[in-house]
Each structure stands twice: as structure tokens, then as C-alpha cells.
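Chemist: Got a structure for you, questions after.
The values are calculated or read from the model by the stated rules, or taken from the named source; none is laboratory data. Just so you know, these numbers come straight off a predicted model, no measurement behind them. Note: ideal-geometry Cβ built from the backbone for every residue, glycine included; neighbour counts use all protein chains shown. Remember, those area values only see protein heavy atoms, side chains included, never the ligands or the DNA or RNA. Shrake-Rupley method; radii C 1.70, N 1.55, O 1.52, S 1.80 Å.
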Amino acid sequence: MKFIPHRNGGDSTPIEAKKFKHWIGTVEHWFCVHESLDMIGKYTVSDWDSGYKVMDVPYQYLMVCLNDTKAAARLTLNRLIESRGESRVLEVLRNAPKKAKQ
């Protein structure tokens with residue numbers, strides 16, 4: 001699936017990404033996992049609606065999930081929610097600017 005991530009400088013070249021939904025408390029939200037824009041061999045979880053990077057997927061999570069990038073991305077999000085709290089993560093996602101419709 002093609003995805004246009006947020007980049008400084010306004011580059012709007014689409015990249016390959018795997019879209020998935022993840023529950024934060026009782027709220028369903030769409031994310032995607034794709035190859036990192038700044039490091040070869042690394043993966044990044046991004047907010048589907050805004051295109052903004054949420055966080056990188058640690059190599060250890062990819063190994064634990066047997067290189068299943070979606071499972072590693074979900075594990076990454078779960079760890080983020082545990083450390084920051086559901087309400088804070090939802091607040092940041094709600095306040096992220098949305099991409100313009102194309």
C-alpha cells in the first residue's frame with residue numbers, strides 16, 4: 001500500500017507501507033509501518049492520518065516477532081502506551097495535523 005510520510009522540505013514521494021489499526025483504550029486508530037527514511041534496515045511506525053512518525057521499531061522487537069513488521073509495530077505501540085499512558089498518546093494523535101486530501 002502506498003503511503004506519503006511527513007518529511008521536512010515537502011517531499012511527497014509515496015513509499016510502500018503496511019497499514020494496520022491499533023486500539024488505544026477504546027479508541028481505534030490507523031497506523032502504518034514502513035522502512036525508515038533515515039536508516040537502511042530499520043522500520044518506523046507512523047500515524048496514517050497525519051503521516052508523522054510515531055517512533056522507530058527496535059531491532060529486538062523485530063527479532064521477537066520473527067521479522068513480522070506489523071506484530072513488531074504493535075508491540076512498539078503497546079510499549080509506548082504503557083510508558084506514556086493512553087490519554088497522552090491519544091491527545092498527541094488527535095492534535096497532529098491531518099494530511100490534505102489528494
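Chemist: How much area per residue is accessible in the chain when the probe is 1.4 Å and only protein heavy atoms are counted (Å²)?
Modeler: On a per-residue basis, 64 Å².
Chemist: Moving on to the next point. I want to verify a result. In a Gaussian network model of the chain, Cα cutoff 10 Å, which of these has the top mean-square fluctuation: K70, K53, K18?
Modeler: Largest GNM mean-square fluctuation: K18.
Chemist: Report the residue, chosen from I24, I40, I15, that carries the largest GNM mean-square fluctuation when the chain is represented by alpha-carbon nodes joined by springs under 10 Å.
Modeler: I40
Chemist: Compute the relative contact order of the chain as a whole-number percentage, counting only Cα pairs closer than 8 Å that sit 6 or more residues apart in sequence. Intermediate values should be presented prior to the final figure.
Modeler: Numbers: 145 pairs, mean separation 20.3, N = 102.
With pairs under 8 Å counted, the relative contact order is 20 percent.
Chemist: K21 label point, 7 Å along Cα→Cβ, cut-off 11 Å on backbone N: hits in region 45-76?
Modeler: Output list for this probe position: empty.
Chemist: Continuing with this model, one more query. Say we join alpha carbon atoms closer than 10 Å with springs in a Gaussian network model of the chain; which of S83, S46, S36 then has the biggest fluctuation?
Modeler: Answer for the Gaussian network model of the chain: S83.
Chemist: Right, here's the next one. Using a 1.4 Å probe over the heavy atoms of the protein chains, calculate the carbon and sulfur portion of the accessible area of the chain as a whole percent.
Modeler: 53 percent
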